[in-house]
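The values are calculated or read from the model by the stated rules, or taken from the named source; none is laboratory data. Just so it is clear, the model here is predicted, and its values are computed rather than measured. For neighbour counting, all protein chains shown are included, and Cβ atoms are generated from backbone atoms with ideal geometry for every residue, glycine included. These accessible areas exclude ligands, DNA and RNA; they are computed on the full protein's heavy atoms, side chains included. Shrake-Rupley method; radii C 1.70, N 1.55, O 1.52, S 1.80 Å.
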Amino acid sequence: MSDVSILMPAYNHGRFISQAIESVLSQQTDFSYELLINDDCSTDDTRKIALSYAERFPDKITVMFPQKNEGLMKSYGRLLSHASSPYIAILESDDLWTDTHKLQKQLSFLASHEEYGLCVSDYRTIDEAGAVIRSFQKTDDEGLDGNWYGKLLYGNFVCAATIVFRRRDFEAACVFSDFLANGFMTFDLPLLLGVSSVSKCWYIHETTASYRILASSISHNADYEKNRCFEESVYDIQKYAMEKYGELFIPFAWSVK
């Protein structure tokens, strides 16, 4: 069994998936990891590229292929069902890790701090060509002492590509079948709210990843109707969390940013 399972949902990212996979393979760690890729019936060369890496690195990479296109959340469900490690990381196939010690830093912290179930970091956004759009050095964790639930319920300040979480805390708080039944459009927010409701969270103030902004990105879409649907899904996730984990509480120790 590997120490970390890296979940990579993929769909029509043939232009980018090699960079994503290479950024995983470049990680320098003193522990083992597995990269799980779910190609959701891409119509470009995503599958071919993913398979070529799996053939070269069979001890590290596993590629899955559903019979039909299932969508992002079911892709995550398939990946989670194959993940066997005590820690889980997220990297979608159009994003990449930019720090070769990212996983080592995050696991070293989590392994020595049992009360923490989640670790994230600063990041950059990039365009389709890889040019930097903006760098994010967040301070949203200040004054929270690792207790993020209330602030995350108010607004998500975490980049999914930087997330590493402890399976134990995810399973203690999150019911993935609920995510599907409620039609949630994104995995990271219900994950963050669930894990932060039962454990502390840690922010590494170093840039470790790049999040790619595409015209089709679910949370940065130019299509008004798609944006509206996404915002409604965020509201549904917040409502679900408040009913399951508790009402919104904003400590006076910090201000909303």
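Which value, in Å², gives the accessible area per residue of region 79-217 when a 1.4 Å probe is used on the protein heavy atoms?
Details: 4990 Å² over 139 residues.
Accessible area per residue: 36 Å².
Which order, highest average first, do 155-162, 238-245 follow once you tally other Cβ atoms within 10 Å for each residue and take the mean per peptide?
Per-residue Cβ counts within 10 Å, averaged per peptide and sorted highest first, yield 155-162, 238-245.
Identify the trypsin sites (Lys or Arg not before Pro) of region 1-89 meeting these criteria: DSSP loop state and at most 14 other C-beta atoms within 10 Å of the C-beta. Can you show the working numbers first?
Details: sites: 15, 47, 48, 56, 60, 68, 74, 78; in loops: 15, 60, 68.
The qualifying sites are 68.
Along its three principal axes, how long is region 1-145 when you only count alpha carbons? Whole Å, largest extent first please.
47, 38, 27
Do any GluC sites (Glu not before Pro) in region 114-153 lie in a loop, going by DSSP, with at most 10 other beta-carbon atoms within 10 Å of their beta carbon, and if so which? Walk me through the intermediate numbers first.
Values: sites: 114, 115, 128, 142; in loops: 114, 115, 128, 142.
The qualifying sites are 115.
I'm checking a number: the convex hull volume of the Cα atoms of the chain, normalised per residue, in Å³. What is it?
Details: hull volume 32.1 nm³, N = 257.
Spread over its residues, the Cα hull of the chain gives 125 Å³ apiece.
Roughly how many percent of the accessible protein surface of the chain is carbon and sulfur, given a 1.4 Å probe and a whole-percent answer?
Working: 5990 of 11610 Å².
Ligands and nucleic acids excluded, carbon and sulfur reach 52 percent.
Loop-only chymotrypsin sites (Phe, Trp or Tyr not before Pro) in region 2-90, please: DSSP not H, G, I, E or B, and at most 15 other Cβ atoms within 10 Å. Can you show the working numbers first?
Working: sites: 11, 16, 31, 33, 53, 76, 87; in loops: 11, 16, 31.
In loop regions of region 2-90 (DSSP not H, G, I, E or B), the sparsely surrounded chymotrypsin sites (Phe, Trp or Tyr not before Pro) are 31.
For the pairs 48/74; 74/151; 74/239, flag any whose C-alpha to C-alpha distance is greater than 24 Å. Walk me through the numbers before you get to the answer.
On the way: 48/74 21 Å; 74/151 27 Å; 74/239 21 Å.
Cα-Cα > 24 Å for 74/151; rest within.
For helix 46-56, report the angle its Cα long axis makes with the longest principal axis of the Cα atoms of the chain; keep it between 0 and 90° and round to the nearest 10°.
For 46-56 against the chain, the angle is about 80 degrees.
Select from 116, 180, 164 the residue farthest towards the positive end of the dipole of the chain; place +1 on Cβ of Lys and Arg, -1 on Cβ of Asp and Glu, and compute about the Cα centre.
180
So if I take the centroid of the Cα atoms in region 63-130 and the same for region 166-192, what is the distance between those two points in Å?
If we compute the Cα centre of each part, the gap is 14 Å.
Could you sort 188, 3 by their accessible area in this structure, using a 1.4 Å probe and putting the largest first?
The ranking, largest first, comes out as 3, 188.
So what's the back-of-envelope 222 nm ellipticity for the chain, counting only DSSP H runs of four-plus at -39500 (n - 2.57) apiece and dividing by all residues, rounded to 500?
Numbers: 9 runs with 94 residues, N = 257.
Taking each H run of at least 4 residues, the total per residue is -11000 deg cm²/dmol.
How high is the relative contact order of the chain, in percent, counting Cα pairs under 8 Å that sit 6 or more residues apart? Let's see the in-between values first.
Numbers: 484 pairs, mean separation 56.2, N = 257.
Relative contact order comes out at 22 percent.
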